[in-house]
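K.L.:
This structure is in structure tokens; I'll ask about it shortly.
Coordinate-derived values only; no laboratory data. These numbers come from a predicted model, not from an experiment. With ideal geometry, Cβ positions are generated from the backbone for all residues, glycine too; neighbour counts draw on all protein chains shown.
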Amino acid sequence: MIFNMSATILRASATRSALRAAASSAPKRAGLAGASFVRGKATLPDLPYDYGALEPAISGQIMELHHSKHHNTYVTSYNNFSEQMASAQSAQDIAAQIALQPLINFHGGGHVNHSLFWENLAPKSQGGGEPPSGQLSKKIDESFGSLEEFQKKMNAALAGIQGSGWAWLVQDTQTGNIGIKTYANQDAVVGQFRPILGIDAWEHAYYLQYQNRKAEYFSAIWDIINWKTAEKRLK
Amino acid sequence: MSYTLPPLPYAYDALEPAISAQIMTLHHSKHHQTYVNNLNAALAAQATATSANDVPAAVANLQAIKFNGGGHINHSLFWQNLSPPGSNSATSAANLGKAIAAAWGSQDAFQDAFSKTLLGLQGSGWGWLVKHTVTGQLSIVTTKDQDPVAADEVPIFGVDMWEHAYYLQYLNSKPDYVKNIWTVINWKVAEERFNGGRGDAFKVLRAQLS
Ligand SMILES: [Fe+2]
Ligand SMILES: [Fe+2]
């Protein structure tokens, strides 16, 4: 509607690592201790498929904006606030460090979450929507009864998010059990829980295509879930 | 008794070009309507839990009242504190204008500070100009998701920063939405709210009970 996406092609580069923070772009440290905080920068990961490849579940227009604008803003903001954090640390300015923490949490979380999200989606031609197998399938059946029941519960969790946020299938690192958890805004799945499969419930993830009918987005996304990626994340 | 969707005080396309008719239509007839429906359902559930002396159920239901009630309150206030471009300039708010100048130095400095606050919001939420009931002083506050302003604050005007409020028109260009919202702030309503108390600001809600 606002611009035509169909011609836009973005191929994956050879590197598909979700998070390429501290990549090869900069020397770790230069010069005397305390004199420099040169560090690797987070970079926007390439998508492992074309922008239009997830249609009709997610439109090419949404994918392009979501990846090249929204995710990219999280990456640049995270780098910006990380630099400020490094300066605050070197100046031993504790108040400034505390003030920066929510910004690191938000933008760093936005980068981590979206990086995981792109990889746990796939076009049908690359296995999107094919049900899980092995250990993950077994755990889902044990915990939820069936894949269908799990999807129902996950959709209910997504629909229940009040405001912006994410729903995740997580694994408890203490017990190994899996479960569904929702996170506000860009809070990342860290600490006790391990991210297995995430779904973005921010309005920007679906609004251009689904407007207020978000239940339709939640039901369509199962056609493009990459369960192979989810299986690899399970330990 | 249940709440009904308040009619807009202008046509769906009246706020163009700042806010498109498509956004206004969806925002009012779908999003706000859903908050009203879910608020009525939550209030009914609360009455049932209360009459059954089921405290766990009553407590578990509170967040649904807060979220959907907040959505109804906030949007009702929002529609009223907007008006077609050029119909109400800031100069028409005499008392409020003086208080703004006293607090921020100038109208421009206030608008800059307010815009910056809106753009700093993380996730869904609202930016508000409020008057404190005790001190009478103004401040800029944000509320997350559909939280309403605090009980000791009079909302003067609010700006919806949920993505549904601008995304169909502005996409990720949130600063442009924030810039253009100033052309549709209803300073006449803002002045009335500044001169009044919380009961005056919220009278739109009582009017929508049937
Ligand atoms: Fe997103
Ligand atoms: Fe809204």
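K.L.:
Holding the Cα-Cα limit at 19 Å, pick out from A:139/A:232; A:138/A:228; B:116/B:203; A:138/A:214 the pairs that are longer than that.
P.N.:
Numbers: A:139/A:232 14 Å; A:138/A:228 14 Å; B:116/B:203 30 Å; A:138/A:214 29 Å.
With Cα atoms farther than 19 Å apart: B:116/B:203; A:138/A:214.
K.L.:
Pairing the Cα long axis of helix B:94-104 with the longest principal axis of chain B, what angle in degrees results, from 0 to 90 and rounded to the nearest 10?
P.N.:
Tilt relative to chain B: about 80 degrees.
K.L.:
Let me ask you something else. In whole Hz, what ³J(HN,Hα) sequence does segment B:180-196 give by Karplus (6.51, -1.76, 1.60; θ = phi - 60°), x for Gly and Pro?
P.N.:
7, 4, 5, 6, 10, 6, 8, 6, 5, 5, 4, 5, 4, 5, 5, 6, x
K.L.:
In nm, to one decimal, how far is the residue B:119 label point from the residue B:29 one, both placed 7 Å along Cα→Cβ?
P.N.:
Using points 7 Å along Cα→Cβ, the separation is 3.4 nm.
K.L.:
Just subtract the alpha-carbon distance of residue A:235 and residue A:138 from 0.36 nm times their residue separation and send over the number in nm, one decimal.
P.N.:
On the way: separation 97, 0.36 × 97 = 34.92 nm, distance 1.31 nm.
Gain on stretching residue A:235 to residue A:138: 33.6 nm.
K.L.:
Under 13 Å from the Cα of residue B:179, which aspartates and glutamates turn up, not counting those fewer than eight places away in the same chain?
P.N.:
B:108, B:112
K.L.:
Could you please rank B:20, A:90, placing first whichever residue has the fewest other Cβ atoms within 10 Å of its Cβ?
P.N.:
Values: B:20 17, A:90 13.
So the residues, fewest neighbours to most, are A:90, B:20.
K.L.:
Still on this model: Starting from the Cα-Cα distance between residue B:198 and residue B:176, subtract it from 0.36 nm times their residue separation and give me the gain in nm to one decimal. Present the calculation step by step, with values, prior to reporting the outcome.
P.N.:
Numbers: separation 22, 0.36 × 22 = 7.92 nm, distance 3.10 nm.
Working it through step by step, the gained length comes to 4.8 nm.
K.L.:
Treating the angle as unsigned and between 0 and 90°, give the value, to the nearest 10°, between the Cα long axis of helix B:33-51 and the longest Cα principal axis of chain B.
P.N.:
Between helix and principal axis, roughly 40 degrees.
K.L.:
Taking residue A:41 as the anchor, which aspartates and glutamates have their alpha carbon closer than 18 Å to its alpha carbon, excluding any fewer than eight residues away along the same chain?
P.N.:
Reachable aspartates and glutamates: A:83.
K.L.:
Round to the nearest 0.05 the FRET efficiency obtained for residue A:90 and residue B:50 when R0 = 45 Å and r is the Cβ-Cβ distance.
P.N.:
Values: r = 57 Å, r/R0 = 1.27.
About 0.20, to the nearest 0.05.
K.L.:
Positive end of the dipole of segment A:126-233, charges at C-beta (+1 Lys, Arg; -1 Asp, Glu), about the Cα centre: which of A:209, A:157, A:186 has its Cα farthest in that direction?
P.N.:
A:186
K.L.:
Report the calculated FRET efficiency for residue B:10 and residue B:137 (r = Cβ-Cβ distance, R0 = 35 Å), to the nearest 0.05.
P.N.:
On the way: r = 31 Å, r/R0 = 0.89.
My answer for the efficiency is 0.65.
K.L.:
List the aspartates and glutamates whose Cα sits under 14 Å from the Cα of residue A:181, skipping any in the same chain fewer than 8 residues away.
P.N.:
A:172, A:200
K.L.:
If you don't mind, another one. Check each of the trypsin sites (Lys or Arg not before Pro) in segment A:150-217 and keep only those in coil by DSSP with at most 16 other C-beta atoms within 10 angstrom; list them in order. Intermediate values should be presented prior to the final figure.
P.N.:
Details: sites: A:152, A:153, A:181, A:213, A:214; in loops: A:213.
Those that pass, being in a loop and sparsely packed, are A:213.
K.L.:
For residue B:37 and residue A:72, FRET efficiency with R0 = 51 Å and r from the beta-carbon atoms, rounded to 0.05?
P.N.:
0.85
K.L.:
Could you run the Karplus curve 6.51 cos²θ - 1.76 cosθ + 1.60 with θ = phi - 60° over segment A:98-106 and give me ³J(HN,Hα) per residue in whole Hz, x for Gly and Pro?
P.N.:
The phi angles translate into 5, 5, 7, 4, x, 6, 5, 4, 6 Hz.
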